[in-house]
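Throughout, read-outs are computed from the coordinates displayed, never taken from laboratory work. Predicted, not measured: the structure shown is a model, and the values here were computed from it. Please note: Cβ atoms are built from the backbone with ideal geometry, for glycine as well, and neighbour counts cover all protein chains shown.
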There are 2 protein chains.
Amino acid sequence: MSNFESDGRQSEGFESAWKDYARRTEDALTERLADDGQVPESLHSAMKYACLGGGKRFRAMMVYACGQLAGAKPERLDTPASAIEMVHAYSLIHDDLPAMDDDDLRRGRPTCHIKFDEATAILAGDALQSRAFELLASAGWNPVSDNYRAQMVEALARAIGAQGMAGGQVIDMQSAGINLTVEGLQGMHEMKTGALIEASAVLGGLASESLSSNSILKLSGYARRVGLAFQITDDVLDYISSSEQLGKRAGADQRMNKSTYVSILGLQQARETAENLASQAIEFLDALGDNTAFLKQLAKFVVSRSY
Amino acid sequence: MSNFESDGRQSEGFESAWKDYARRTEDALTERLADDGQVPESLHSAMKYACLGGGKRFRAMMVYACGQLAGAKPERLDTPASAIEMVHAYSLIHDDLPAMDDDDLRRGRPTCHIKFDEATAILAGDALQSRAFELLASAGWNPVSDNYRAQMVEALARAIGAQGMAGGQVIDMQSAGINLTVEGLQGMHEMKTGALIEASAVLGGLASESLSSNSILKLSGYARRVGLAFQITDDVLDYISSSEQLGKRAGADQRMNKSTYVSILGLQQARETAENLASQAIEFLDALGDNTAFLKQLAKFVVSRSY
């Protein structure tokens, strides 16, 4: 935890700490996915392909950072961080399917249904969702008390269901070709991506078994704003970046004729909105003790990143 | 429970008790799915369409019967029964997709992706899986202790993941056009359908909070054999029935060129195998007290049913 305690550290120190945790996440995921050769091999390969393809590990980082703020050791956070990343990977597999966003590339690699086939991709997503809940509920994998394991399952399940991530994806698809208001766009993103980011913070906090429900609510408030700021910055980066930089076809939303923060607010105001959200997020941390330096840097980084 | 206690009752009494529990399941599911008008409406409608379309409710019946054997009141079993049926409904939605079995009809009605669209169907399945775990983990919906709620989540999640239901579906698809041995076919069915039926029995037993782990294992052993007998009888009925009787295109497995118990063993030996399994299942009940009449009838019914 000492890595995260200096408020005056340089952003490269922050980024290197993030990289360390991204590596930790990759190891934790590897440990929690089946060994090579398990039957059916194609399914396990597809699950690994989708989970272990790198990525920013932003959600895992949120689990680790919020858990450590509350005094949890990293070992206690490996399972919730992995569960969240498995759910994120499942959602990307399904979002990329021909019936949904129909994307062939993700992070510069063929999407799961291109690398394998559509049926295997659908089932790999399904099985990743199940595995996430299995890990969270298991006393063997999740060393918190029964009470907190059940709370973690419930919080994650609610965040990713019809009122959360899955519902947000439906609204996103139904919005193609429609000019959304900024409130409509925000509501969609709060469900589609925000709810899982919030759940990441909540699971980190719950894993500590030391926070009041009021402090958990503060973490939620922080994460909701950081999540939205992250999404707006994604829209900004998608707008200004070329395919090479992002590793996916840039401007996919424009191609699908979808509203974005940039299309509604313009580039400059989208950026300012993200910065305001990051500031609001940081205010939520005031009530959460002295160990908030990393979460503050995280909020600032989210809106200043270039990738 | 007194409904189930008479060993000498007629099969019509058994079937009427089953119908009562199927109705109870329908009510429990309705209560646990979102009210009309919830956003996104299409997703909630698709979830309801898939869950409330009738069906035998065999898995819910297994939850109720095993829970009641162990002394649990029906109110204690409504949530696990609903969670199991939601997972079953999700699996049918995804199995019916064009990328998988590509079925247009199920129980005489258009399948979910025909009635809605493919994206909505995929996401309705995803959200039903999440909702099942949310309900099981929630103290508000599942009135058993933390310890048992976490165990229920873990048992269900393991049963439906890559080593269970989802893995079985992959193996089933990969088996099209291949002549399986009877062992290969059994292994596939134990994953694809058996694991969820076993989980139904286990969740019923766990909900009672009164069974030893040895008794839970006996319930597993019973349910595994009943599940396999159920599947073999499905193959038999699929072989001999017309579309009208089953409400789906009969002979779908033949059309896909898939091995079935009838294609491997022939009609007569398939029937005998199912009957032997039902007898073995009943032997597991000997160690489970005096209240096993209904589960015995259930095992017998599974192999003598004509629908």
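Applying the Karplus relation 6.51 cos²θ - 1.76 cosθ + 1.60 with θ = phi - 60° to region A:68-75 yields 3J(HN,Hα) values of 5, 3, 8, x, 7, 6, x, 4 Hz, where x marks Gly and Pro.
Where chain A is rotated onto chain B, the residue of A whose Cβ comes nearest the axis, and that gap in whole Å, is A:ASP146, 2. Placing a label point 7 Å from the Cα of A:SER213 along the Cα-to-Cβ direction, the distances to the matching points in the other copies come to 3.3 nm, shortest first.
Per residue of A:140-149, how many C-beta atoms from partner chains lie within 10 Å of its own C-beta, taken as a mean?
Details: counts 1, 1, 2, 0, 1, 3, 7, 6, 2, 8.
Across the residues of A:140-149, the mean count of other-chain Cβ atoms within 10 Å is 3.
Going through the cross-link list A:LYS48/A:LYS192; B:LYS115/B:LYS300; B:LYS218/B:LYS258; A:LYS48/B:LYS56, which pairs have a Cα-Cα distance over 27 Å in this structure? Where the Cα-Cα span goes over 27 Å, the pairs concerned are B:LYS115/B:LYS300; B:LYS218/B:LYS258; A:LYS48/B:LYS56. Counting from the shortest, the label point at A:LEU52, 7 Å from Cα toward Cβ, is 4.5 nm from the same position in each remaining copy.
Region A:92-146 and region B:259-299 have Cα centres spaced 36 Å apart.
Can you give the Rg to Rh ratio for the protein assembly as shown, taking only C-alpha atoms and Rh from Kirkwood?
Using Cα coordinates only, the ratio equals 0.99.
A point 7 Å from Cα along Cα→Cβ stands in for A:GLY187, and the other copies hold the same point at 5.1 nm, listed in rising order.
With a 10 Å radius around each residue's Cβ, average the other Cβ atoms per peptide and rank B:269-281, A:74-86, highest first.
Numbers: B:269-281: 18.8, A:74-86: 25.1.
Ranking, from highest mean packing down: A:74-86, B:269-281.
Tell me which aspartates and glutamates have Cα within less than 20 Å of B:LYS19's Cα, excluding those fewer than 8 residues away on the same chain? Within reach: B:GLU5, B:ASP7, B:ASP27, B:GLU31, B:GLU75, B:ASP78, B:GLU85, B:ASP234. The mean count of C-beta atoms from other chains within 10 Å of the C-beta of residues in A:166-179, rounded to a whole number, is 4.
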